[in-house]
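Please treat every number below as a calculation from the coordinates, not as lab data. Computed from a predicted structure; not experimentally measured. Every residue, glycine among them, receives a Cβ derived from its backbone with ideal geometry; neighbour counts consider all protein chains shown.
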């Protein structure tokens, strides 16, 4: 196979006087990385998926709260927001996987994740990748330790808050006291007693102040990224307020107002509690509805990427490494390169030969093509 630059150099330049008999080549699609416009069928499928998921969540709320007997009506706005969240996530995810690249990532990722053959080859690979790629996100440490630490604070803080807030909002968790004012409480899940909790001991205090602990984790992490967005020139150049800054501001507002609610109840005897509760509710509801359409949507996309990492890992175990056509250095695994070429064919990108070269050789080939077709005209 000839190198791309050689193929370009082999084509003689057209004569100015010769009429052009060949039809003009269609222009290549813009490489913006955005999703193609959703057609009617994609929109219909996405709407159907969102509706089904929303109805399933409503049914789960009704059944899990024992036909709404354990449902707290004061938390109704939060519950409604989670239903909108479920619809938005299902809708956006369906549209996302309808694009050729995302669809191939989805199939290969989850196919590798649930593959019995991969489990036999590397039985510990899946839990290790879940822990390192999803949980501790070690790939971020290669960029910056401070960014990794801040991301970990946000991740574990949000995970803790979600694990507490969602079941309470849906009426799945309840804390009841026979005396009405504590300090002894019974923790029930779906109406079944799980354990007794004393609000005055360490375990009880941690359980009742879990959201405060989550806020303490989130605030420094989100503040670091907000500070970086305001100071780092590289981040400032391409950032957008609604996509990059607004999610961080929402996290900080939710966390600060949540801590102020605790401060008001303990030190101010409930002073200003109603206003703070309303402000906190508005910020939480807005953030939940915003998640499917903003930067936080990558939380939903990330599990498919874990499967793709497993796809590449198992190929390396079989020594299926694809070497650069020019220098012989390893590019990636052969199945991954072929998967990328197939995606480029789906997108009708007519330069998939460049996939066979390493990044350094791609730069060399582009430089040679520039010298052969552009630079020579200015001698």
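Observations on the model:
- Between 0 and 90°, nearest 10: helix 359-373 axis offset from the chain longest Cα axis: 40
- Only helical runs count toward this figure. For the chain, summing -39,500 (n - 2.57) over DSSP H runs of n ≥ 4 and dividing by all residues gives -20000 deg cm²/dmol at 222 nm.
- A Förster radius of 56 Å combined with the Cβ-Cβ distance from residue 236 to residue 192 puts the calculated FRET efficiency at roughly 0.60.
- Size estimate for segment 319-379 follows the Kirkwood approach: the inverse of mean 1/r over distinct Cα pairs works out to 12.8 Å.
- Each label point was placed 7 Å from the Cα along the Cα-to-Cβ direction; for residue 144 and residue 334 their separation is 4.1 nm.
- Among the listed options (1) 22.7; (2) 25.3; (3) 21.9, the one matching Kirkwood radius over Cα pairs in Å as calculated from these coordinates is (2).
- Principal-axis tilt of helix 76-98 within the chain, Cα atoms, nearest 10 degrees: 20
- Between helix 334-346 and the chain: long-axis angle, C-alpha atoms, 0 to 90°, nearest 10: 80
- Label-point separation, residue 223 to residue 114 (7 Å along Cα→Cβ), nm: 4.4
- When you count the other C-beta atoms within 10 angstrom of each residue and take the mean per peptide, 97-105, 213-221 line up highest first as 213-221, 97-105.
- Label-to-label distance, residue 122 versus residue 164, with points set 7 angstrom from Cα along the beta-carbon direction: 3.7 nm.
- Whole-Å distance, taken between Cα centres, linking segment 236-266 and segment 55-99: 23
- Three-way shape call for segment 100-141 based on the alpha-carbon gyration tensor, with the a/c threshold at 1.5: oblate
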